[in-house]
Every structure is written in C-alpha cells, then in structure tokens.
Amino acid sequence: MIALSAVLLLGAAAPPRQASVAYVIDGDTFRLASGERIRISGIDAPETQPGQAKCGREIAAGKAATATARGLLQGRTARLGRVGRSYNRTVARVTLDGRDVAGELVRLGAARWWPRGQRKPDWCHG
C-alpha cells in the first residue's frame, strides 16, 4: 500500500514536459501528437455539442472558443505540467512560449476561470 501511494504521488508530481499539439478538440481540450488528450486545468470553455451544451448561446460561444484555442495551440509545442486526470484525459497546466495558456484563453474571452470544487461557469446567462 505504501509503495502504491508513493508511485501515485510521484506520478502526480511528474516534472513538466514538452509535447506537440496535434489537434484542438474544443476550447479547453486538445490532443497531442502521441494521441494523449489534455484538459487545460483551472478553466472552463463553453461546450460545442448539443448534448453537452445547455443552450444555443453556449454552442456558438463554444465554436468561437474552439477557433481561438486552435489558433493559439494547434501545431505548436507546449509545456505540460500534469495535475491530475478527468474523464480519461490528463489535466495539466499548459504554457506556450512561457505564457500560461489558461490565462491567455480567459483574457481572450474563450474561457472562464473554474477553480476546483466550484460550480461550472454558466455560459447561457452572462
């Protein structure tokens, strides 16, 4: 049990690594050239799919957020600092040329801050 705990702790504290972004899935998730899916930590971008979005306004905002994230990330090499896992994705702090990608997406209006344990942002009413 102690050995397993140590392995889990070491895995969570893995040093940041560089990786090539192959494809942006939506405003806060992308796929690496290796196939691994990455969820950008600390933010939420609006959903693009009718089954996941709560309103048409969210879908439209989600498509715009995806385009913004695509312009920022796709085909670039990013630095990833793993912080966990969620829905079969690695959750990571992501930097690009020394800039925090989460902060940049929020600054550009493509995402909102979503601190852990807080309610998901409402994209339909504000």
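No value in this document is a laboratory result; all are computed from the given coordinates. Since the structure is predicted, the reported quantities are computational estimates derived from the model, not experimental observations. Using ideal geometry, Cβ is built from the backbone for each residue, glycine included, and neighbour counts are taken over all protein chains shown.
Below are the figures for this structure:
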| quantity | calculated |
| --- | --- |
| Exposure proxy order (Cβ contacts within 10 Å, fewest to most) of GLU36, GLU104 | GLU36, GLU104 |
| Cα-based helix-to-principal-axis angle, 56-73 vs the chain, degrees rounded to 10 | 50 |
| Order of LEU72, LEU32 - criterion: other Cβ atoms within 10 Å of each residue's Cβ, fewest first | LEU32, LEU72 |
| Rg over Rh [alpha-carbon atoms, Kirkwood Rh] for the chain | 1.00 |
